[in-house]
Every structure is written in C-alpha cells, then in structure tokens.
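Chemist: Attaching a single structure in structure tokens format; questions to follow.
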Amino acid sequence: YMEWSAGYFAQMGEEDVLVAYDAQRRAKKYSTNDLFGGVRYEIDVRKPQGQRIGRLRFLDGRPIEADTPVRIAMKPYRLNSLRKPGEIFCDKWFPWTFYSLGAYGETDGTLRNLLVRYIREVKGGVITPNLDRNWRLVGMDLDGREAQEAVRLLRSGKLHLHNSADGTATNIAPITRREVQQALKREREG
C-alpha cells in the first residue's frame, strides 16, 4: 500500500529539478489519507513505482521488514474507494478492528465529530500543530542552485507548473533544467 501511495509522484529523470505528480493518478486525490503515521520512511522519486519506499522503520528506529506484522488504520470511505475495480485492494477483504460509528453512534461516531469533541473537551478548544516530519521525498536536490532558482521563478510567476489541459490535475510533469535555464534567460533579457 505504501508503494502504491508513493506512485502518486512521477518518476524523476536526470534532467528534472522538481518532482511532479503522476498525471495518470489524478494528483488532486493525493492527501493525508496517503501518508503513514507511526513509522519513518523515505520516498525515492528517482526510482520506478513499486521500488520507492526506503528506510522504513518504526519511530523507535526498529526496521520494518516484509514479514513484520503491522496494523493499518484507515477511514472507511478511503478503504472502500480502494476496493473498487481496478484499485489496489480490489476484491480484498480486511477485518475491522474498530468501527467508530458502531462504538459511538451515528451522530457522534464519525471521525470528524470525534476530533471536534476531542479538541473541545480535551484540548479546551485549542490545538497546536505538531508536524511529525516522519517521511520525506529523496532523489532530488532541493538545496541545489537549480531547485532554488526554480522555486524562486515559480513564486515570481516567471515559471509555471505543468497542469492538465482540462485543469483537473496540477503539477503533472517535473520542472526540468532546460525550463529553469530558459526562464532565467528570459528574466535576464527582460
């Protein structure tokens, strides 16, 4: 499932500076549903799909091997969408270990309502964001000159992301060295 999730990113080539989403995976669907907690890992965007997850380990540093038992929590709507024909879990069944609607009732048992209740009752209505930083993309040099220039040019509107013709998917092709060089040349000529 982690490798499937990492497939949302397009494979970067030697001339690519910044990563993009795979146009076939409909980038607008990548979300926090496709991130994993309780573990640390890397996604190497230079590798082909199915070979990207690296340095997978528990938060305490213990490695996770192919035969290491793990438990995955997932929202029902996400699991059900992944069980449709053509999806990763098509025709697979998984046992439920906990079902919030069954435990807390139709109104109070939705994950959203449980989170609202927790924030109000336990946190006094105040939450402080805490980024786990438990995963990262590797295989590109974000600190390198070309990547820094690409980001600057994107922010200034002198370089643009590649979006689908119908506008439903964004950032569907990596920014290349050539594109950065051309944008820098246009900037200098001015």
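The values are calculated or read from the model by the stated rules, or taken from the named source; none is laboratory data. None of the values given here were measured: they were computed from a predicted structure. Cβ coordinates were reconstructed from backbone atoms using ideal geometry, including for glycine residues, and neighbour counts include every protein chain displayed. Heavy atoms of the whole protein, side chains included, go into the accessibility calculation; ligands, DNA and RNA do not. Shrake-Rupley method; radii C 1.70, N 1.55, O 1.52, S 1.80 Å.
Chemist: Considering the range 15-30 alone, what residues qualify as being modelled with pLDDT under 95 and assigned to a loop (DSSP other than H, G, I, E, B)?
Modeler: Val19, Ala20, Asp22, Arg26, Tyr30
Chemist: Continuing with the same structure: Among Pro85, Pro129, which is out of contact with any Lys or Arg (no Cβ under 9 Å at 6 or more places or on another chain) and either touching a residue at least 12 places away in the same chain (Cβ under 8 Å) or within 23 Å of Val39 (Cβ to Cβ) (or both)?
Modeler: Going through Pro85, Pro129 in turn, just one is out of contact with any Lys or Arg (no Cβ under 9 Å at 6 or more places or on another chain) and either touching a residue at least 12 places away in the same chain (Cβ under 8 Å) or within 23 Å of Val39 (Cβ to Cβ) (or both): Pro129.
Chemist: Any idea which of (1) at pLDDT below 90; (2) in a loop (DSSP other than H, G, I, E, B); (3) open to solvent by less than 100 Å² (accessible area, probe 1.4 Å) is the one Leu161 doesn't satisfy?
Modeler: So the condition that Leu161 fails would be (1).
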